[in-house]
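Single-structure report; data block below.
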């Protein structure tokens with residue numbers, strides 16, 4: 001069965017937010033397992049702040 005097409009395609013900023021969120025989650029999990037333990041904590045904080053900023057921009061773009 002084919003997936004139905006989205007009525008409203010995702011905006012580029014929303015796609016970027018979802019990618020950043022996925023990368024942040026992957027880094028967080030891998031750092032927790034110790035595979036990316038060499039990464040400084042500031043990298044994770046920057047990714048989290050990037051997700052917040054992109055989420056706000058995505059929301060503002062959607063309500064505009």
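The values are calculated or read from the model by the stated rules, or taken from the named source; none is laboratory data. Predicted model, so just to flag it, every value in this text is computed and none were measured. Reconstructed Cβ throughout: ideal geometry from the backbone, glycine too, with neighbour counts over all protein chains shown.
Consider segment 52-64 and keep the residues that are more than 13 Å from residue 15 (Cβ to Cβ) and part of a helix (DSSP H, G or I). The one that is farthest from the chain's Cα centre (by Cα) is 63. Look at segment 15-35: where a residue is more than 23 Å from residue 57 (Cα to Cα) and a partner is surrounded by fewer than 12 Cβ atoms within 10 Å (Cβ to Cβ), sitting 6+ places away or on another chain with Cβ atoms under 7 Å, you get 31/37. Taken together, 22, 34 contain a single residue that is surrounded by fewer than 12 Cβ atoms within 10 Å (Cβ to Cβ) and more than 12 Å from the chain's Cα centre (by Cα), which is 34. Just so you know, in segment 37-51 the residues that are in contact (Cβ under 8 Å) with a residue 12 or more places away in the chain and in a helix (DSSP H, G or I) include one that is nearest to the chain's Cα centre (by Cα), and it is 51. Looking across 13, 48, 63, one residue alone is surrounded by 12 or more Cβ atoms within 10 Å (Cβ to Cβ) and modelled with pLDDT under 95. It is 13.
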